[in-house]
Structures are given as C-alpha cells and as structure tokens.
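First comes the structure, then the notes that go with it.
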Amino acid sequence: MHEVSAMSEIFEIINQNIESYSLKKVNKVVVKIGESSCIDESSIKFSFETMAKGTICENAQIVIEKVKGHELLLDSIEGE
C-alpha cells in the first residue's frame, strides 16, 4: 500500500509547515492526485485520518482534488 508511504511524506511537509508557521491546529489539508497516479483516494483519506490521530491534524478535513498527470501534491494547509 504505497498510499501510506506517500501520506507519510506529506505529513513530513505538513509538520514542517506547522513548525514554520507556529500553527496550533490544522483545519484543512488539500491534496492533488494525478488521474494516472494509481493512487487510491480512499486509501489516502484513511492514511491521513490514521496518521492525524493524536496530533493537531486530528479532525482536519482532507480535500482531494483530481488533476491530470501522475503527481501527488500537497496543495495547501489551513490552520490557526
């Protein structure tokens, strides 16, 4: 299940942003997934929700946008 590995890398970026911007809570994470990436949307959501438990990302909304190509991209993070 490469979605877990991919989400782990995305969480590294999220955590860098949490630190850089001194966020106390993450409300929303937007991820773009390429239509040709073979990444399963439900597995990405499950991985995010699992990794977010017990962190300031817990209960954050994850929004997945389909785009052309093969990419998996952390598009934006909304927080306080």
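The values are calculated or read from the model by the stated rules, or taken from the named source; none is laboratory data. If you're wondering where the values come from, they're calculated on a predicted model, not measured in any experiment. Ideal geometry is used to build each Cβ from the backbone, glycine not excepted, and the neighbour counts take in all protein chains shown. All accessible areas refer to the heavy atoms of the entire protein, side chains included, with ligands and DNA or RNA removed. Shrake-Rupley method; radii C 1.70, N 1.55, O 1.52, S 1.80 Å.
Does any residue of the stretch 64-75 turn out to be within 13 Å of Asn27 (Cα to Cα), hydrophobic (A, V, I, L, M, F, W, C) and either open to solvent by 40 Å² or more (accessible area, probe 1.4 Å) or over 9 Å from the mean Cα position of the chain (by Cα) (or both)? No. Considering the conditions (1) closer than 16 Å to Ser8 by Cα; (2) small (Gly, Ala, Ser); (3) surrounded by 12 or more Cβ atoms within 10 Å (Cβ to Cβ), Ser37 is excluded by exactly one of them, (1). Whether a residue is of a type in the set (Lys, Arg) and either more than 10 Å from the chain's Cα centre (by Cα) or loosely packed, with under 13 Cβ neighbours inside 10 Å (or both) was assessed, and Lys45 does not pass this test.
In the condition set (1) at pLDDT 95 or above; (2) closer than 13 Å to Phe11 by Cα, Ile44 is compliant with all but (1). In the stretch 1-30, the residues that are in contact (Cβ under 8 Å) with a residue 12 or more places away in the chain form Cβ pairs under 6 Å with partners that are of a type in the set (Asp, Glu) and open to solvent by 80 Å² or more (accessible area, probe 1.4 Å), at six or more places apart or across chains, as follows: Lys24/Glu80; Lys25/Glu80; Asn27/Glu78; Lys28/Glu78.
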